[in-house]
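Participant: Starting off with a structure, shown below.
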Amino acid sequence: MGNNLNQSFEITRVFNAPRELVFKAWTELEHFAKWWGPKGSTLEVVKMDAQSGGALLSFQTTPDGNLVMWRKFEYQEVVDPEKVTYIQSFSDERGNTIRAPFSTSWPLEILNIITFEDSKGKTFLKLKGYPMNASAEEQESYNGMAPKLQQDLEGTFDKLADYLVFLS
């Protein structure tokens, strides 16, 4: 089990919007902050530089207002309008990587690879997530959260779909 660290999480979605627009929604601050995060949560972006070598620092407040979670993305590869690859982790307000507030066994870093494919004016988006340098316990924790991740991302993508209608 120890070497089974390449297990990933994957979600796909078709958006009724051109690929360039969906890509912009992921990479431009004025768009990203309006839709990212599970339904009911709010996102404040402190900084966003969505290019290879750039970073995002943000915090999200849960719907009940009780939990504030800081996150950072370290952009590995950004290819307009085809791909966004980033390492996501929880952080403090200065951007230092910390353990997830909800679990001591959640992986410190998750590599996310998002691809955007044009399909007759619509966009086929695929997101794959991989825990990085995860222990067996961290991988287990990640795998166990897959249904919750799926639910949260479905809600996030619903918000993106609504936002894209608003943009069009």
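The values are calculated or read from the model by the stated rules, or taken from the named source; none is laboratory data. All values derive from a computational prediction rather than experimental measurement. Here Cβ is always computed from backbone atoms with ideal geometry, including for glycine, and neighbour counts include all displayed protein chains. Just the protein is used for accessible areas: all its heavy atoms, side chains included, with ligands, DNA and RNA removed. Shrake-Rupley method; radii C 1.70, N 1.55, O 1.52, S 1.80 Å.
Participant: If we keep just the residues of the stretch 62-82 that are touching a helix residue (DSSP H, G or I) at 6+ places or on another chain (Cβ under 9 Å) and in a loop (DSSP other than H, G, I, E, B), which is most open to solvent (accessible area, probe 1.4 Å)?
Facilitator: 80
Participant: For the stretch 152-161, indicate whether the set of residues that are closer than 22 Å to residue 32 by Cα, surrounded by 14 or more Cβ atoms within 10 Å (Cβ to Cβ) and either among the hydroxyl-bearing types (Ser, Thr, Tyr) or in contact with a Cys (Cβ under 9 Å, 6 or more places away or on another chain) (or both) is non-empty.
Facilitator: yes
Participant: Another one. Could you tell me whether any residue of the stretch 58-65 is over 16 Å from the mean Cα position of the chain (by Cα) and of a type in the set (A, V, I, L, M, F, W, C)?
Facilitator: No, the stretch 58-65 contains no residue that is over 16 Å from the mean Cα position of the chain (by Cα) and of a type in the set (A, V, I, L, M, F, W, C).
Participant: When you look at residue 10, is it under 27 Å from residue 118 (Cα atoms), loosely packed, with under 13 Cβ neighbours inside 10 Å and of a type outside the set (Val, Ile, Thr), yes or no?
Facilitator: Values: under 27 Å from residue 118 (Cα atoms): yes; loosely packed, with under 13 Cβ neighbours inside 10 Å: yes; of a type outside the set (Val, Ile, Thr): yes.
Considered against the rule, which asks whether it is under 27 Å from residue 118 (Cα atoms), loosely packed, with under 13 Cβ neighbours inside 10 Å and of a type outside the set (Val, Ile, Thr), residue 10 comes out as yes.
Participant: Moving on. Looking at the structure I just gave you, is residue 59 part of a strand (DSSP E or B) and among the aromatic types (Phe, Trp, Tyr)?
Facilitator: Details: part of a strand (DSSP E or B): yes; among the aromatic types (Phe, Trp, Tyr): yes.
Answer is yes for this residue.
The rows are residues; the columns are (1) in contact (Cβ under 8 Å) with a residue 12 or more places away in the chain; (2) surrounded by fewer than 18 Cβ atoms within 10 Å (Cβ to Cβ).
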position: 84; (1), (2): yes, no
position: 93; (1), (2): yes, yes
position: 104; (1), (2): no, yes
position: 131; (1), (2): yes, no
